[in-house]
1. For segment 48-66, check the following and say yes or no: at least one residue is within 19 Å of residue 3 (Cα to Cα), surrounded by 17 or more Cβ atoms within 10 Å (Cβ to Cβ) and at pLDDT 80 or above.
2. So residue 78 passes all but one of these: (1) surrounded by 11 or more Cβ atoms within 10 Å (Cβ to Cβ); (2) out of contact with any strand residue (DSSP E or B) (no Cβ under 8 Å at 6 or more places or on another chain); (3) closer than 22 Å to residue 109 by Cα. Which condition number does it fail?
3. Of these, 89, 81, which one is without any contact (Cβ under 8 Å) to a residue 40 or more places away in the chain, under 26 Å from residue 38 (Cα atoms), over 13 Å from the mean Cα position of the chain (by Cα) and part of a loop (DSSP other than H, G, I, E, B)?
4. What about residue 88, is it more than 29 Å from residue 111 (Cβ to Cβ), surrounded by 12 or more Cβ atoms within 10 Å (Cβ to Cβ) and in contact with a helix residue (DSSP H, G or I) (Cβ under 9 Å, 6 or more places away or on another chain)?
5. Here is a list of conditions, (1) in contact with a helix residue (DSSP H, G or I) (Cβ under 9 Å, 6 or more places away or on another chain); (2) under 20 Å from residue 90 (Cβ atoms), and residue 63 meets all of them except one; can you say which number that is?
6. Identify the residue in segment 7-53 that is in contact with a strand residue (DSSP E or B) (Cβ under 6 Å, 6 or more places away or on another chain) and part of a loop (DSSP other than H, G, I, E, B) and, among all such residues, is farthest from residue 75 (Cα to Cα).
7. Within segment 58-75, count every residue that is touching a residue at least 24 places away in the same chain (Cβ under 8 Å) and outside any strand (DSSP E or B).
């Protein structure tokens with residue numbers, strides 16, 4: 001449907017399965033894409049759906065260098081456990097909060113492992 005899936009291998013800690021496996025590099029790939037696509041003029045409205053503060057520098061870069069041509073926003077899950085949202089100090093970046101019901105509407109049940 002127009003999306004390109006880019007997967008990263010999981011890293012398993014020595015005490016797995018007591019500790020969860022971690023997918024590494026996805027946040028960096030997303031940040032690089034967000035900035036690169038802004039520089040290339042590939043979008044005029046960018047949304048990062050994450051609460052990961054490692055993505056903040058990408059938002060800061062696009063906001064600083066393209067304030068008149070690119071609007072940015074974030075999306076985050078709203079729940080009792082997840083209260084933080086991705087933000088930039090001194091900025092008014094809009095946040096689209098998603099509920100559990102919203103997740104049910106947009107969930108992608110595709111098994112990409114095949």
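The values are calculated or read from the model by the stated rules, or taken from the named source; none is laboratory data. Computed from a prediction, not measured in an experiment: that's the story for all the values here. Positions of Cβ are generated from backbone atoms using ideal geometry, with glycine treated the same way; all protein chains shown enter the neighbour counts.
1. Of segment 48-66, the ones within 19 Å of residue 3 (Cα to Cα) are 48-50.
Keeping just the survivors that are surrounded by 17 or more Cβ atoms within 10 Å (Cβ to Cβ) gives 48, 50.
Adding the requirement that they be at pLDDT 80 or above leaves 48, 50.
Looking through segment 48-66, at least one residue is within 19 Å of residue 3 (Cα to Cα), surrounded by 17 or more Cβ atoms within 10 Å (Cβ to Cβ) and at pLDDT 80 or above.
2. Going through (1) surrounded by 11 or more Cβ atoms within 10 Å (Cβ to Cβ); (2) out of contact with any strand residue (DSSP E or B) (no Cβ under 8 Å at 6 or more places or on another chain); (3) closer than 22 Å to residue 109 by Cα one by one, residue 78 breaks only (2).
3. On the way: 81 fails: under 26 Å from residue 38 (Cα atoms).
Within the list 89, 81, the selection yields 89.
4. Numbers: more than 29 Å from residue 111 (Cβ to Cβ): yes; surrounded by 12 or more Cβ atoms within 10 Å (Cβ to Cβ): yes; in contact with a helix residue (DSSP H, G or I) (Cβ under 9 Å, 6 or more places away or on another chain): yes.
Spelling it out, residue 88 is indeed more than 29 Å from residue 111 (Cβ to Cβ), surrounded by 12 or more Cβ atoms within 10 Å (Cβ to Cβ) and in contact with a helix residue (DSSP H, G or I) (Cβ under 9 Å, 6 or more places away or on another chain).
5. (1)
6. Per the stated criteria, the residue is 21.
7. If we filter segment 58-75 for residues that are touching a residue at least 24 places away in the same chain (Cβ under 8 Å), which is where we start, we get 58-63, 65-66, 69-75.
Remaining after also requiring outside any strand (DSSP E or B): 58-63, 65-66, 69-70.
The number of residues fulfilling the criteria is 10.
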